[in-house]
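Asker: Let me begin by handing over the structure; questions about it come next.
The values are calculated or read from the model by the stated rules, or taken from the named source; none is laboratory data. Treat the numbers as computed from the prediction; the structure is a model and nothing was measured. Note that we place each Cβ from the backbone using ideal geometry, even for glycine, and neighbour counts take in every protein chain shown. These accessible areas exclude ligands, DNA and RNA; they are computed on the full protein's heavy atoms, side chains included. Shrake-Rupley method; radii C 1.70, N 1.55, O 1.52, S 1.80 Å.
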Amino acid sequence: MNWKLKLLILMIIAVPAFTGYPVASYETEILRGITYGWVVYFLVVNLFVLIITGRQFFPNVVTIAVLIAMPVVFVGAGISYLIFWFGLGYPSGPAEYSAHYVSLCITMLTVIPLALSMVAIIPFQDVEQNMLNKTTGVSRFEKFALMFLRVFNHIVFFVIPTIIETMREERQYKKWVNSSLRVSATVSIQGKLQLLGRRLSGLIREMIQVGVEGICASIQYIPLWAVEISQLPGRSK
């Protein structure tokens, strides 16, 4: 199966995410915010992503989707709770906004893997090589496209896998979960809240560190690539 057929299949699967049909037709809720339609669509999308991208790439897709979705969902829910706590909105409290964030979570865990897979199967490296091997020269627009492809390939195939592998080796999240479960039952509620606050602060610092490292790794070669691409022969008029 070539990449064009794979892309066509994923584009067809993506139609319900844009149109809402037939997902929106099954509105019976399993839990508040999670309908049968979205659960089935979630399973179908991830099954096809697994089949098309393979077992080696699929864990990376899921990991990236979780890393993107979890901060958005939990930070959004936390801000909503603060708004309710200060009496500025949401008169019904968590019962009013919880369903929205539960729905947002399953939506992001469905759409993000689909979008990442659609991008990942396109052979950008082959496109880049074809542009570099042109005997007629490279136009200014093609130079811009080459810079974009070079940065994109570096981020998708080097920066993100390296960060994910580093996080797996250090087991940052697993250590945080295990240490959270070892809280003594005799500790007061205030002590537990303080411990939870320290754990959350540590997790936020780790996420910020991952983000900064990702940005730095993404842009470190841009000056070198800019010089290299600018020296390519232009297309003769």
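Asker: Can you give the extra length, in nm with one decimal, that the chain gains between Tyr21 and Asn130 once fully stretched, where that is 0.36 nm per residue apart less the Cα-Cα distance?
Answerer: Working: separation 109, 0.36 × 109 = 39.24 nm, distance 3.90 nm.
35.3 nm is the gain from fully extending Tyr21 to Asn130.
Asker: Compute the Cα gyration tensor for region 38-169, then decide on rounded, prolate or oblate, letting a ≥ b ≥ c be the square roots of its eigenvalues: rounded whenever a/c is under 1.5, prolate when a/b is larger than b/c in the other cases, and oblate in all that remain.
Answerer: Prolate is the answer for region 38-169, as a/c is 1.5 or above and a/b outweighs b/c.
Asker: By how many degrees, 0 to 90 and rounded to 10, does the Cα axis of helix 189-219 deviate from the longest principal axis of the chain?
Answerer: Helix 189-219 sits at roughly 0 degrees to that axis.
Asker: Ok, one more. So what J values fall out for region 7-16 if you push phi through Karplus, 6.51 cos²θ - 1.76 cosθ + 1.60 with θ = phi - 60°, rounded to Hz, Gly and Pro as x?
Answerer: 5, 5, 4, 5, 5, 5, 5, 6, 4, x
Asker: Considering amide H positions built from the backbone, and no H for Pro or chain starts, which residues 5 or more places from Val138, or on another chain, come under 5 Å of its amide H?
Answerer: Here the answer is Gly234, Arg235, since their amide H atoms fall under 5 Å of that of Val138.
Asker: With a cut-off of 8 Å between alpha carbons and a minimum separation of six or more residues, what is the relative contact order of the chain in percent?
Answerer: It rounds to 22 percent for the chain.
Asker: Which percent of the accessible area of the chain is formed by carbon and sulfur heavy atoms (probe 1.4 angstrom)?
Answerer: Heavy-atom surface of the chain belonging to carbon and sulfur, 1.4 Å probe: 68 percent.
Asker: Sticking with this structure for a sec: Give the cross-link partners of Lys143 among the aspartates and glutamates, using a straight C-alpha distance below 16 Å as the criterion and excluding same-chain residues fewer than 8 apart.
Answerer: Counting by Cα, and skipping residues close in sequence, Lys143 has these aspartates and glutamates nearby: Asp126, Glu128, Glu228.
Asker: With charges only on Cβ, +1 for K and R and -1 for D and E, what is the dipole size of the chain about its Cα centre, in debye, rounded to 20?
Answerer: Value, rounded to 20: 340 debye.
Asker: Calculate the FRET efficiency for Ser139 and Tyr221 from the Cβ-Cβ distance with a Förster distance of 22 Å, rounded to the nearest 0.05.
Answerer: Computed FRET efficiency for Ser139 and Tyr221 comes out at 0.45.
Asker: How tilted is helix 140-154 with respect to the longest principal axis of the chain? Cα atoms for both, answer in degrees (0 to 90, nearest 10).
Answerer: 40 degrees
Asker: If you roll a 1.4 Å probe over the heavy atoms of the protein chains, what accessible area per residue do you get for the chain, in Å²? Can you show the working numbers first?
Answerer: Numbers: 15550 Å² over 237 residues.
Value returned for the chain: 66 Å² of accessible area per residue.
Asker: Still on this model: Could you check the spin-label model distance between Ile51 and Ile164? Points 7 Å from the Cα along Cα→Cβ, value in nm.
Answerer: 2.1 nm
Asker: Could you give each residue of region 73-81 its phi-based ³J(HN,Hα) in whole Hz, using Karplus coefficients 6.51, -1.76, 1.60 with θ = phi - 60°, and x for Gly or Pro?
Answerer: These are the phi-based 3J(HN,Hα) values: 5, 6, 5, x, 5, x, 5, 4, 5 Hz.
Asker: Along the charge dipole of the chain, which of Ser230, Val111, Gly37 sits closest to the positive end, that is, farthest toward it, with unit charges on the beta carbon of Lys, Arg, Asp and Glu (+1, +1, -1, -1)?
Answerer: The Cα lying farthest towards the positive end belongs to Ser230.
Asker: Sticking with this structure for a sec: Using the beta-carbon distance between Gln231 and Phe152 and R0 = 25 Å, what value does 1/(1 + (r/R0)^6) give for FRET efficiency, to the nearest 0.05?
Answerer: It comes to 0.75.
Asker: While we're here: Tell me what the chain gives for mean residue ellipticity at 222 nm when only DSSP H runs of n ≥ 4 count, each as -39,500 (n - 2.57), the sum divided by the residue total, rounded to 500 deg cm²/dmol. Present the calculation step by step, with values, prior to reporting the outcome.
Answerer: Values: 11 runs with 174 residues, N = 237.
So the helix-based figure for the chain works out to -24500 deg cm²/dmol.
Asker: P(r) of the chain in 10 Å steps, Cα pairs, percent per bin?
Answerer: P(r) for the chain, in whole percents per bin: 6, 21, 27, 25, 13, 6, 1, 0, 0.
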